[in-house]
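Comments concern the structure below.
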Amino acid sequence: MATAKNDPTAAIKAANKNLGAQMAAGNAAGMAACYTKDAILMPPNSKAFKGHKQIAAFWQGAMDMGIKAVSLRTVAVDPQGRTAIEYGVATLKGARGKVLDKAKYVVTWKREGKDWKLCWDIFNSNNPA
């Protein structure tokens, strides 16, 4: 059972908020910096993207396709020492706040120094194929 001292939930929620702020600012490099250096991003219907350069390119492509905002809501966090597993739901929005997609995700987080960063990030849409 997690205690307040070893439960990273608040830090992960703050990191998710920062990821959303980077998206809102149109900062793909800032989004990639939220990930560990050896991170893997596994979006639906696509190959995996590895490392900051590829992850930044993915998020830049998403922004270029019209995604202007992402909000992440943590449903549960399972702390595992210097790692944690998060399950959550995401809402992707376009211009004027139009909802483009709703999705679910699982992220393995790693603690780097004092920061929690996304390590393995996989998500998929709730929309029908």
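The values are calculated or read from the model by the stated rules, or taken from the named source; none is laboratory data. Just so it is clear, the model here is predicted, and its values are computed rather than measured. In this analysis, Cβ positions are derived from the backbone assuming ideal geometry, glycine residues included, and neighbour counts consider all displayed protein chains. Calculation scope for accessible area: heavy atoms of the full protein, side chains included, ligands and nucleic acids excluded. Shrake-Rupley method; radii C 1.70, N 1.55, O 1.52, S 1.80 Å.
Looking only at region 40-52, filter to residues that are on the phi < 0 side of the Ramachandran plot and assigned to a loop (DSSP other than H, G, I, E, B); which one of those is least open to solvent (accessible area, probe 1.4 Å)?
Taking the candidates together, the pick is Pro43.
Which condition breaks for Lys110 when tested against (1) closer than 19 Å to Lys13 by Cβ; (2) over 15 Å from the mean Cα position of the chain (by Cα); (3) open to solvent by 70 Å² or more (accessible area, probe 1.4 Å)?
Every condition holds for Lys110 apart from (2).
Looking only at region 20-39, count how many residues are outside any loop (DSSP other than H, G, I, E, B) and without any contact (Cβ under 8 Å) to a residue 60 or more places away in the chain.
11
Could you look through region 79-106, keep only residues that are touching a residue at least 60 places away in the same chain (Cβ under 8 Å) and part of a strand (DSSP E or B), and pick out the one that is farthest from Lys37 (Cα to Cα)? Walk me through it before giving the result.
Quick first cut of region 79-106, residues touching a residue at least 60 places away in the same chain (Cβ under 8 Å) only: 79, 81, 84, 86, 88.
Then keep just the ones that are part of a strand (DSSP E or B); that gives 79, 84, 86, 88.
Values: Pro79: 21, Ala84: 17, Glu86: 19, Gly88: 22 Å.
Per the criteria, the residue is Gly88.
For the list (1) under 26 Å from Ala10 (Cα atoms); (2) of a type outside the set (D, E, K, R); (3) modelled with pLDDT under 95, I need the number of the one condition that Val75 fails.
(3)
Starting from residues that are of a type in the set (Ser, Thr, Tyr) and open to solvent by 30 Å² or more (accessible area, probe 1.4 Å), keep the ones in region 68-90 and report whichever is farthest from Asn126 (Cα to Cα). Outline the logic, then answer.
First, the residues of region 68-90 that are of a type in the set (Ser, Thr, Tyr): 71, 74, 83, 87.
Adding the requirement that they be open to solvent by 30 Å² or more (accessible area, probe 1.4 Å) leaves 71, 83, 87.
Numbers: Ser71: 15, Thr83: 27, Tyr87: 14 Å.
Looking at the filtered set, the residue picked out is Thr83.
Taking the stated definitions as given, is Ile122 open to solvent by 70 Å² or more (accessible area, probe 1.4 Å) and assigned to a strand (DSSP E or B)?
Working: open to solvent by 70 Å² or more (accessible area, probe 1.4 Å): yes; assigned to a strand (DSSP E or B): yes.
The answer is yes for Ile122.
Being in contact (Cβ under 8 Å) with a residue 24 or more places away in the chain, aliphatic (A, V, I, L, M) and part of a loop (DSSP other than H, G, I, E, B): is that true of Ile55 here?
Working: in contact (Cβ under 8 Å) with a residue 24 or more places away in the chain: yes; aliphatic (A, V, I, L, M): yes; part of a loop (DSSP other than H, G, I, E, B): no.
Taking the combined requirement at face value, the residue does not satisfy it.
Taking the residues in region 1-36 that are modelled with pLDDT of 95 or more and among the basic types (Lys, Arg) as candidates, determine which candidate is least open to solvent (accessible area, probe 1.4 Å).
Selected residue: Lys13.
Just to be sure I understand the filter: pairs with C-beta atoms under 7 Å, separated by 6 or more residues or on different chains, first member in region 112-129 and over 12 Å from Ile40 (Cβ atoms), second member in a strand (DSSP E or B) and open to solvent by 40 Å² or more (accessible area, probe 1.4 Å). Which pairs pass?
Taking only residues 6 or more apart or on different chains, the pairs are Lys117/Lys110; Phe123/Lys104; Asn124/Lys104; Asn126/Lys102; Asn126/Lys104.
Quick check on region 59-67. Is at least one of its residues under 21 Å from Val89 (Cβ atoms) and among the β-branched types (Val, Ile, Thr)?
Yes, there is a match, as at least one residue in region 59-67 is under 21 Å from Val89 (Cβ atoms) and among the β-branched types (Val, Ile, Thr).
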